[in-house]
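A short worksheet on the structure shown next.
The values are calculated or read from the model by the stated rules, or taken from the named source; none is laboratory data. Predicted model, so just to flag it, every value in this text is computed and none were measured. Here Cβ is always computed from backbone atoms with ideal geometry, including for glycine, and neighbour counts include all displayed protein chains.
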Amino acid sequence: MTVSQERAGGLVYRIGELVFSTGVRRKFHGTLGHVLRFYAAATAVFTIYNAAFSDWDSLARMIVFLCLMLVLIFLVVGHGPKANPQRPTALDWGLSLLSFASLVFFTMEVEAIAVRLTLFDPLSPAYYFFGLSLIVLSLEAARRTVGLGLTAVVGVFIAYNLYGHLLKGFMSHGYISLEHFIDITVFTSDGLFSVPIQVTATYAFLFVMFGTLLERAGGGAFFFDLAAALTGRKIGGPAKIAVVSSAAFGTISGSPTADVVTTGSVTIPMMKRLGYRSRYAAAVEVAASTGGSIMPPIMGSAVFIMAEFTGIAYVDIVVASLVPALVYYLGIYLQVHLRSKRLGHKGLEADQIPTLGKTFRSGGLFLIPLITLVVALAVHYTPTYVALFGIVSIMAVWLIRRTGFTLYALYDALAQTTLSMAAVTGACAAAGLVIGGITMTGLAGKVSDMIIFVAGSSLFVTLLITAGCVILLGMGMPTPAAYALAAAVLAPTLTQDFGLPLIQAHLFLLYFTVLSAMTPPVAVAAYAASAIADSNPLGIAISACQLAVAAFILPFAFIYNPGITLAGDLSMVTLALVSIIAVVVLVSIAAEGYWNEAIPSWVRLMMLISAGCIFIPGLVTTSVGAALLVVCFLSTRTARNRAIGKISND
């Protein structure tokens, strides 16, 4: 590598560090630590009450929730990666106190805010000051928790809101004053307190609490042992444990990064000890953990935003997502199996694997919370009450088992839930600022016009452009915020210009948003795994995408083969399921280049062509795909027979 190349690489690294680095997370001890944990636990209790029982105006509840979180964020998250990890600075204290002052002010003005007429009642100096303060505080909170990248995006949108009237052409809009901007952004539910923060303050918070309590009660260990008992003895047992346990834990945590850190701390070292390369071991964990955000019954926080945006019942989204999620893991599981078979990796020894009976005897009660969630969804309770029922059932199981339960453990879990929501709150507040600007300026329609101008009437080209935009939005940004922006800016093109059903269009956006967690160059889940595996995060991300290559096909299946969402008559659904499973199996085999032996390159190419033909609906294309598949099968069988015959003759 030349000196100029080294300098260029260093420059790219420094730019990436500047754009995507976040503030240091502080862990306090002593008196301040106790005070902050008490504050965090009290915020969690207030949020439960606020989400399920409060009769306050919705806007007032959201304002109070955000202010409560901002008070905490500026103390527990430093101004940058090199900030003091032990002690807040004077600036941190000042921003936290301003957040607390905003909390007091807005709490006192709850009733007045509920009845005031937006844009008709002028903003008083106090409303103006605290409204503007809340916008600035939200921007700084986003920068600290998510990085400069998202903050810069929000800044561009705000600049467009305030100065877009100076532009020429179709991107221009009417004049928007600063007072107008503050009024819409802060004192309505169309801006800062739109769908992202509403979801964060209700079901997302409660489901994160569900996951935290389940982990503290021992549920994470149970699901890992269950995965080990089911798959540990099989070929490539450790890697398959990672796939199954990450699927189980991921649906509870809803966060690829959290899943990687939790299950990966066990599975990655285990795979490395048994001969897997560091990069591959981490890639398996990243690919499996990423899928947890699309795995029912809980899925990730973004699905709750989807339910709010679209008006589609949460249970209907869960039902539509079930088969695609299982197919996602089928592809990863098959590739892991083939790779392990090719490399000769065996399963674990019997003494390293818990028996199924012992696993259920020690932790079978942890299935009750999941069953509770499924039943509550089936009888159409709202997501808020589904989460509450799940929390109650976990508490019951924890008390019955009496393993590790203390009042302090419960108190600590409540505090940890609030601390875990810091980054999501900062990101969703920033996303709300963008959504408010889109509403004021009509930007979504302009973006739609630009996409149509480039793609013309081609739905496929439009989908490719949309997928690329979603992945770009998801780089370094939490899934809920990235999806919220994609839904606000890109969804109208799919639903209004091309007439796609809401659930198909939004599942397309949701899947690519989730996949952005492992898509290079900024794959947040891969960065989390790199620290455990001691391997290059970019290499891990590339390998994870190779393992989950079939997953990038699934979003297009929502559009071209909607039967996989269980929509339509029995024959349509059956045909869709058979075709998508065939496509995923073919693509997975072609990606690995191995079945019972290495597959020639031309056969792999023919498999991909066959998968493409089967994927496209129609009798002719399906027949061609099936014919090519037969040719592939006969070719590999003939080659294998020749190899066996040659060995016999020798």
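Quick grid of which residues meet (1) of a type in the set (A, V, I, L, M, F, W, C); (2) buried (at least 16 other Cβ atoms within 10 Å of the Cβ); (3) at pLDDT 85 or above:
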{"position": "Ala415", "(1), (2), (3)": "yes, yes, yes"}
{"position": "Leu419", "(1), (2), (3)": "yes, yes, yes"}
{"position": "Leu464", "(1), (2), (3)": "yes, no, yes"}
{"position": "Gly468", "(1), (2), (3)": "no, no, yes"}
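Of Ser588, Ser571, all but one fail to be of a type in the set (Ser, Thr, Tyr) and in contact with a helix residue (DSSP H, G or I) (Cβ under 6 Å, 6 or more places away or on another chain); the exception is Ser588.
If you filter segment 507-523 down to residues that are within 15 Å of Ala548 (Cβ to Cβ) and among the hydrophobic types (A, V, I, L, M, F, W, C), you find that the one that is modelled with the highest pLDDT is Phe512.
Residues that are in contact (Cβ under 8 Å) with a residue 60 or more places away in the chain, out of contact with any His (no Cβ under 6 Å at 6 or more places or on another chain) and either on the phi < 0 side of the Ramachandran plot or surrounded by fewer than 18 Cβ atoms within 10 Å (Cβ to Cβ) (or both): does segment 90-109 have at least one? So far as segment 90-109 goes, no, none of its residues is in contact (Cβ under 8 Å) with a residue 60 or more places away in the chain, out of contact with any His (no Cβ under 6 Å at 6 or more places or on another chain) and either on the phi < 0 side of the Ramachandran plot or surrounded by fewer than 18 Cβ atoms within 10 Å (Cβ to Cβ) (or both). Of all the listed residues (Ala505, Ala455, Ala481), the sole one being of a type in the set (A, V, I, L, M) and within 14 Å of the chain's Cα centre (by Cα) is Ala481. Within the span defined as segment 182-200, every residue fails to be over 28 Å from Leu68 (Cβ atoms) and either within 19 Å of the chain's Cα centre (by Cα) or touching a residue at least 60 places away in the same chain (Cβ under 8 Å) (or both). Just one residue in the set Leu490, Leu547, Leu500 is crowded, with 24+ Cβ neighbours inside 10 Å, more than 30 Å from Thr267 (Cα to Cα) and in contact (Cβ under 8 Å) with a residue 40 or more places away in the chain; that residue is Leu490. Restricting attention to segment 269-294, report how many residues are closer than 18 Å to Gly344 by Cα and in a helix (DSSP H, G or I). Number of matching residues: 9. Looking across segment 141-159, the residues that are modelled with pLDDT of 90 or more and surrounded by fewer than 20 Cβ atoms within 10 Å (Cβ to Cβ) come down to Ile158, Ala159. Whether a residue is of a type in the set (Gly, Ala, Ser) and not assigned by TED's automatic domain parsing to the domain that holds Leu95 was assessed, and Ala204 passes this test.
Being in contact (Cβ under 8 Å) with a residue 60 or more places away in the chain and surrounded by 24 or more Cβ atoms within 10 Å (Cβ to Cβ), is that true of even one residue in segment 173-180? Within segment 173-180, not a single residue is in contact (Cβ under 8 Å) with a residue 60 or more places away in the chain and surrounded by 24 or more Cβ atoms within 10 Å (Cβ to Cβ). Do you know which residues across segment 111-140 are among the hydroxyl-bearing types (Ser, Thr, Tyr) and either surrounded by fewer than 17 Cβ atoms within 10 Å (Cβ to Cβ) or at positive phi (or both)? Answer for segment 111-140, where residues must be among the hydroxyl-bearing types (Ser, Thr, Tyr) and either surrounded by fewer than 17 Cβ atoms within 10 Å (Cβ to Cβ) or at positive phi (or both): Thr118, Ser124, Tyr128. Look at (1) more than 16 Å from Ser245 (Cα to Cα); (2) assigned to a helix (DSSP H, G or I); (3) in contact (Cβ under 8 Å) with a residue 12 or more places away in the chain and you find that Lys346 fails only one, number (2). From the set of residues in segment 563-600 that are of a type in the set (S, T, N, Q) and within 17 Å of Phe633 (Cβ to Cβ), which is surrounded by the most Cβ atoms within 10 Å (Cβ to Cβ)? Ranking the qualifying residues of segment 563-600, first place goes to Ser588. Among residues of segment 349-379 being closer than 22 Å to Lys272 by Cα and in contact (Cβ under 8 Å) with a residue 24 or more places away in the chain, the one that is surrounded by the most Cβ atoms within 10 Å (Cβ to Cβ) is Ile353.
As a summary of the residue check, Leu433 satisfies the conditions (1) within 22 Å of the chain's Cα centre (by Cα); (2) surrounded by 18 or more Cβ atoms within 10 Å (Cβ to Cβ); (3) farther than 23 Å from Ile182 by Cα; (4) among the hydrophobic types (A, V, I, L, M, F, W, C) except for the one numbered (3).
Annotation: Pro480 fulfils all but one of (1) under 24 Å from Val146 (Cβ atoms); (2) out of contact with any helix residue (DSSP H, G or I) (no Cβ under 9 Å at 6 or more places or on another chain); the unmet one is (2). Filter segment 565-623 down to residues that are more than 20 Å from Leu343 (Cβ to Cβ) and without any contact (Cβ under 8 Å) to a residue 12 or more places away in the chain, then give me how many there are. Total meeting the criteria: 14. Residues in segment 344-389 that are of a type in the set (Val, Ile, Thr) and touching a helix residue (DSSP H, G or I) at 6+ places or on another chain (Cβ under 7 Å): 7 in all. Report yes if some residue within segment 299-314 is crowded, with 19+ Cβ neighbours inside 10 Å and assigned to a loop (DSSP other than H, G, I, E, B); otherwise report no. Yes, that holds for at least one residue. Return yes or no: is Glu285 buried (at least 21 other Cβ atoms within 10 Å of the Cβ) and among the charged types (D, E, K, R)? It is true that Glu285 is buried (at least 21 other Cβ atoms within 10 Å of the Cβ) and among the charged types (D, E, K, R). Restricting the search to helices (runs of 4 or more DSSP H) fully inside segment 32-138 and requiring at least 1 residues that are touching a Pro at 6+ places or on another chain (Cβ under 9 Å) and of a type in the set (Gly, Ala, Ser) gives 90-108. Only one of the listed residues (Leu500, Leu485, Leu472, Leu538) is more than 22 Å from Arg143 (Cβ to Cβ) and assigned to a helix (DSSP H, G or I). That residue is Leu538.
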